[in-house]
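Novice: Structure incoming, see below.
The values are calculated or read from the model by the stated rules, or taken from the named source; none is laboratory data. This structure is a prediction, so every number in the text was calculated from the model and none was measured. Ideal geometry is used to build each Cβ from the backbone, glycine not excepted, and the neighbour counts take in all protein chains shown. The area values use the complete protein model at the heavy-atom level, side chains included, leaving out ligands, DNA and RNA. Shrake-Rupley method; radii C 1.70, N 1.55, O 1.52, S 1.80 Å.
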Amino acid sequence: MAKVPSAVVAASGLVGGYGVARWTRQRPLGGAVLAVAGAAAARQWRQQAGGVAAGALSAAYVAAFAGSHPLARKVGAWPAVFGVAGAVGLASWVVADRRRGGGV
């Protein structure tokens with residue numbers, strides 16, 4: 001079975017976490033999706049690019065989650081979530097997936 005690129009895992013965690021929280025009206029459930037995907041992506045980042053890169057990408061993941069909230073007031077919730085997910089996905093691909101041939 002092919003490994004899912006970390007860029008896809010990270011971006012899906014941000015989008016999926018928001019979607020689950022919105023559709024179930026259970027913010028903790030959305031947070032759980034966000035956390036599980038973030039942990040899975042961080043594990044891949046560490047394996048593929050090392051601890052420093054994993055730390056930086058994990059910080060970017062958390063910052064994207066936090067930054068999507070004020071951004072949503074300006075552009076709307078879904079555009080904000082897709083925007084930060086795309087940014088984290090791109091950073092993940094550049095730092096970790098591109099080295100291993102993980103095409104997105």
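Novice: Name the residue, out of 80, 32, 60, whose mean-square fluctuation peaks in a Gaussian network model built on the chain with Cα pairs under 10 Å.
Specialist: So, out of 80, 32, 60, the one fluctuating most is 32.
Novice: Between residue 4 and residue 99, take the C-beta separation as r, use R0 = 22 Å, and let me know the FRET efficiency to the nearest 0.05.
Specialist: 0.85
Novice: Next up: If you average the sequence gap of Cα pairs under 8 Å that are 6 or more apart and divide by the length of the chain, what percent do you get for the contact order?
Specialist: This gives 36 percent for the chain.
Novice: I've got another one for you. When averaged across all projection directions, what area in nm² does the alpha-carbon convex hull of the chain cover?
Specialist: The Cα convex hull of the chain, projected and averaged over all directions, gives 6.4 nm².
Novice: Leaving out ligands and nucleic acids, note down the accessible area per residue over the chain with a 1.4 angstrom probe, in whole Å².
Specialist: 58
Novice: So which trypsin sites (Lys or Arg not before Pro) in the chain end up in coil per DSSP with only 14 or fewer other C-beta atoms within 10 Å?
Specialist: Filter output for the chain: 3, 25.
Novice: Please give the calculated 222 nm ellipticity per residue for the chain, where each DSSP H segment of at least 4 residues contributes -39500 (n - 2.57) and the sum is spread over every residue; nearest 500 deg cm²/dmol?
Specialist: -27500 deg cm²/dmol
Novice: Calculate what fraction, in whole %, of the accessible area of the chain sits on carbon and sulfur atoms when a 1.4 Å probe is rolled over the protein chains.
Specialist: Carbon-and-sulfur percentage of accessible area, whole number: 66.
Novice: On a full-extension model of 0.36 nm per residue, what is the gain between residue 63 and residue 90, subtracting their alpha-carbon distance, rounded to one decimal in nm?
Specialist: Result: 8.3 nm gained on full extension.
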